[in-house]
Amino acid sequence: MIRAVLFDFWRTLFQPAVEINEYYNIRVKKLFEILREVKRDLTLDEVGSAYREIRGLCDKIRCFGVEVPLFMEVKLLLYHLGIYSFSSSFIFKVMEAYMFPFIYHTRPRADAKEVLRRLRQLGLKVAIVSNVLSGRHITDALEKWRLIEYFDVTIYSDEIGFRK
């Protein structure tokens, strides 16, 4: 007897509202805007190259089942760009720039709410178990789209340190 249903987040419940390369280009542009506040001589190409290199490094680490949370990925990016001194408020701004395309260019799949509603009507427990950079941003998205109420449990890799 089925008692619970687990969902992944990315491309299962939510998807980018723009083509994936555009999604990453938006991220790089937003990072560039913020990073120039502390390092005026940065170019967009330098930020894009550093982003791809650090993202690739973090993805290699993730292959071992260890999550690299957003905070760490951002710190690695800053170090790679030669930005060694920064405040916690600046780190927060960079993290928000990093997540900008997620916040503004991601939406739930068309049938997500109806599927979740039906599962709840059946009396099933519903959970998200997902590899994510930032569980806080995932929860914010679920709240924004009024989907959080359908979940009994949310388990995010950045919060436990390991990937599924």
Inset, instruction - Output the number of residues of region 1-38 satisfying the condition of being farther than 15 Å from residue 102 by Cβ, touching a helix residue (DSSP H, G or I) at 6+ places or on another chain (Cβ under 7 Å) and of a type in the set (Phe, Trp, Tyr). - result: 1
Legend entry - Among the candidates 37, 46, residue that is modelled with pLDDT of 95 or more, over 16 Å from the mean Cα position of the chain (by Cα), over 30 Å from residue 109 (Cβ atoms) and not polar (S, T, N, Q): 46
Inset, instruction - Please enumerate the residues belonging to region 130-164 that are exposed (fewer than 15 other Cβ atoms within 10 Å of the Cβ) and touching a Lys or Arg at 6+ places or on another chain (Cβ under 6 Å). - result: 152
Inset, instruction - Report whether or not residue 164 is closer than 17 Å to residue 28 by Cβ, of a type in the set (Lys, Arg) and either in contact with a helix residue (DSSP H, G or I) (Cβ under 7 Å, 6 or more places away or on another chain) or part of a loop (DSSP other than H, G, I, E, B) (or both). - result: no
Inset, instruction - Scan region 95-104 and give yes if some residue there is buried (at least 17 other Cβ atoms within 10 Å of the Cβ) and touching a strand residue (DSSP E or B) at 6+ places or on another chain (Cβ under 9 Å), otherwise no. - result: yes
Inset, instruction - Can you give me the number of residues within region 117-150 that are in contact (Cβ under 8 Å) with a residue 60 or more places away in the chain, over 20 Å from residue 17 (Cα atoms) and more than 15 Å from the chain's Cα centre (by Cα)? - result: 5
Inset, instruction - Return yes when residue 81 is among the hydrophobic types (A, V, I, L, M, F, W, C) and surrounded by fewer than 17 Cβ atoms within 10 Å (Cβ to Cβ) and no when it is not. - result: no
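The values are calculated or read from the model by the stated rules, or taken from the named source; none is laboratory data. None of the values given here were measured: they were computed from a predicted structure. Cβ coordinates were reconstructed from backbone atoms using ideal geometry, including for glycine residues, and neighbour counts include every protein chain displayed.
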